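A.B. asks: Before anything else, here's the structure in question.
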Amino acid sequence: MKDEIRSLGKRLKDARRDAKMTGDEVAKILSKSKQLISHWEAGRSEITIVDLRKVASLYGVEIEWLLSGTPSKSGMRLKPRQGRIVSKGSKAEILEIARGALTIEDIAEKRHTYADCSAHSISFEIFEDAMDGASIAGVTAFKPGHIVTVDREKMPSPGECVMLVMVRSKDVVFRRYKSQGFGKPLAVPFKLTADNSSYDTIDVKRATDFVFFGTLVEHVILGSK
């Protein structure tokens, strides 16, 4: 049994390295301690089947290969998906970036994403319930604590979620972009609407009223990935 756990640990370590991820990055994404990740890989702690499924998905490998070292019916070990490490900022840090006191690269905390995004992307935790549309059929609920990644190089289409810093109020907002019919992404004037009806619509009338931080490319509920 101990030999099997050690062998599993070695495959976990190999898969993580193939995915070009550090133990720190894996720990943050899975909401685990770095020590536990290290213990899994060293065979000092057993990994639950729930966590094993999350790790297999994260590394882009088959769970059968992790468990036994042999391929599944597909006849091959999956090739790890190509991901990207992006900065994860707090509301305060996002405001500092907006005023030019920080750059995205200055933010120390990083996270791994498989989203199709550019190097100018940034992740952050939802900090209000404006986009919690749980009561609306077919609308995704963005709840406080969820992590979203936005890409500054992806211009929004009407209905897509965007993150902006409003210059006058110095407020960071995550809302749906509603074009005013000019046919160009993010052409002023436009509106920002919330899925939660208790939040007012924001009218953006001038290009100097906001700093665009990006369009949504990934939504992660911690513990589900």
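The values are calculated or read from the model by the stated rules, or taken from the named source; none is laboratory data. Owing to the predicted nature of the structure, the values given are computational and were not obtained by experimental measurement. Methodologically, a virtual Cβ is constructed for each residue, glycine included, from the backbone with ideal geometry; neighbour enumeration extends over all protein chains shown. SASA here: full protein model, heavy atoms, side chains in, ligands and nucleic acids out. Shrake-Rupley method; radii C 1.70, N 1.55, O 1.52, S 1.80 Å.
A.B. asks: Helix-only estimate, please: 222 nm mean residue ellipticity of the chain, summing -39500 (n - 2.57) across DSSP H runs of length 4 or more and dividing by its residues, to the nearest 500.
C.D. replies: -7500 deg cm²/dmol
A.B. asks: With +1 on each Lys and Arg Cβ and -1 on each Asp and Glu Cβ, and nothing else charged, work out how big the dipole of the chain is about its Cα centre, in Debye to the nearest 20.
C.D. replies: Here the size comes out at about 480 debye.
A.B. asks: May I ask for the percentage of alpha-carbon pairs in segment 91-211 that lie more than 26 Å from each other?
C.D. replies: 18 percent
A.B. asks: Can you give the direction-averaged projected area of the convex hull of the alpha-carbon atoms in the chain, in nm²?
C.D. replies: So the mean shadow area of the Cα hull is 14.4 nm².
A.B. asks: How tilted is helix 49-59 with respect to the longest principal axis of the chain? Cα atoms for both, answer in degrees (0 to 90, nearest 10).
C.D. replies: Between the helix axis and the principal axis of the chain, the angle is about 70 degrees.
A.B. asks: Given contacts defined as C-alpha pairs under 8 Å and at least six residues apart, what's the relative contact order of the chain, whole-number percent?
C.D. replies: 17 percent
A.B. asks: For Lys2, tell me the accessible area in Å² from a 1.4 Å probe, rounded to the nearest 10.
C.D. replies: That residue has around 150 Å² of solvent-accessible surface.
A.B. asks: Can I ask one more? Please state the charge dipole magnitude for segment 76-156, taken about the Cα centre, from unit charges on C-beta atoms (+1 on K and R, -1 on D and E), reported in debye and rounded to the nearest 20.
C.D. replies: Using Cβ point charges on Lys, Arg, Asp and Glu, segment 76-156 gives about 500 debye.
A.B. asks: Among His146, His120, what's the order by accessible area (1.4 angstrom probe), most exposed first?
C.D. replies: From most exposed to least exposed: His120, His146.
A.B. asks: May I ask you to list the aspartates and glutamates whose Cα is less than 20 Å away from that of Lys205, ignoring any residue fewer than eight positions away on the same chain?
C.D. replies: Within reach: Glu160, Asp171.
A.B. asks: Then there is this: Positive end of the dipole of the chain, charges at C-beta (+1 Lys, Arg; -1 Asp, Glu), about the Cα centre: which of Thr48, Val217, Ile136 has its Cα farthest in that direction?
C.D. replies: Farthest towards the positive end: Thr48.
A.B. asks: Which of Lys10/Lys88; Lys54/Lys143; Lys10/Lys32; Lys91/Lys154 have a Cα-Cα distance over 25 Å?
C.D. replies: With Cα atoms farther than 25 Å apart: Lys10/Lys88.
A.B. asks: Would you mind checking the tilt of helix 2-18 against the longest principal axis of the Cα atoms of the chain, expressed as 0 to 90 degrees and rounded to 10?
C.D. replies: Tilt of helix 2-18: around 40 degrees.
A.B. asks: Here's something else I'd like to know. Just want the answer: with Cβ charges of +1 for Lys and Arg and -1 for Asp and Glu, which residue in Leu164, Val150, Phe174 is farthest toward the dipole's positive end in segment 133-225?
C.D. replies: Ranked along the dipole, the leading option is Leu164.
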